[in-house]
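Take a look at the structure set out below.
The values are calculated or read from the model by the stated rules, or taken from the named source; none is laboratory data. The shown structure was predicted, so the numbers you read here are calculated from the model rather than taken from an experiment. Ideal geometry is used to build each Cβ from the backbone, glycine not excepted, and the neighbour counts take in all protein chains shown.
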Amino acid sequence: MKAIRNSAKAVILRDGKLLTIRNTTDGQDWYLLPGGGQNHNESLIAALKRECMEEASLLVEVGDILFVRDYISKNHEFAETENDAHQVEFMFHCTIAEDAEPEMGDGADQWQTGVQWLPLNTLSDFALYPSVLQEALSEGIPERASVYLGDVN
């Protein structure tokens, strides 16, 4: 039996924009929230702080959990190339220092090509994953939201 991977993600907003990790595959840009996989014996909070430093050179303050999503790859558009992945993502509202300037970190993933602030009012113009975030965050951090997003991409 294959293990389910836990992942911690940061939702960081500033001046009406969402901080994302820009990735490029075959000349196409796509965007993810900063964060990544949880290691054995590591809390979700510690994983999130480590991943934000590795990917965006950022110290983050981790706040409340906003969303949880399952990603079962065989059910989505990348099933042909990634058909055996199952990840559970925990997305936390995070803050950074006002003068912090994110930049690509030393521990960037192989597809990462940078960090980018995306305007909340045009999130649907970008290949942001999971795409459900385009609507969920279009007006900022929701006051009340259904935390569990389901098996979505």
For segment 50-94, which positions are of a type in the set (A, V, I, L, M), modelled with pLDDT of 95 or more and farther than 22 Å from I141 by Cα?
M53
Give the residues of segment 16-53 that are touching a residue at least 24 places away in the same chain (Cβ under 8 Å) and acidic (D, E), sorted by residue number.
D29, E51
Looking only at segment 117-130, decide whether some residue is out of contact with any helix residue (DSSP H, G or I) (no Cβ under 7 Å at 6 or more places or on another chain), outside any helix (DSSP H, G or I), buried (at least 16 other Cβ atoms within 10 Å of the Cβ) and not aromatic (F, W, Y).
yes
Can you confirm whether E89 is surrounded by fewer than 18 Cβ atoms within 10 Å (Cβ to Cβ) and either of a type outside the set (K, R) or more than 13 Å from W30 (Cβ to Cβ) (or both)?
no
Please determine whether any residue of segment 138-147 is surrounded by fewer than 18 Cβ atoms within 10 Å (Cβ to Cβ), closer than 29 Å to K74 by Cβ, under 13 Å from the mean Cα position of the chain (by Cα) and not hydroxyl-bearing (S, T, Y).
no
Could you figure out which of (1) touching a strand residue (DSSP E or B) at 6+ places or on another chain (Cβ under 8 Å); (2) outside any loop (DSSP other than H, G, I, E, B) isn't true of D109?
(2)
Of everything in segment 19-70, what is surrounded by fewer than 17 Cβ atoms within 10 Å (Cβ to Cβ) and part of a helix (DSSP H, G or I)? Give them in sequence order.
I45, A46, M53
Within segment 122-140, can you find the residues that are in contact (Cβ under 8 Å) with a residue 24 or more places away in the chain, of a type outside the set (G, A, S) and farther than 10 Å from L18 by Cα?
F126, L128, Y129, P130, V132, L133
Checking the condition among the small types (G, A, S), touching a Cys at 6+ places or on another chain (Cβ under 7 Å), modelled with pLDDT of 95 or more and within 28 Å of R144 (Cα to Cα), which residue from A97, A10, A47 passes?
A10
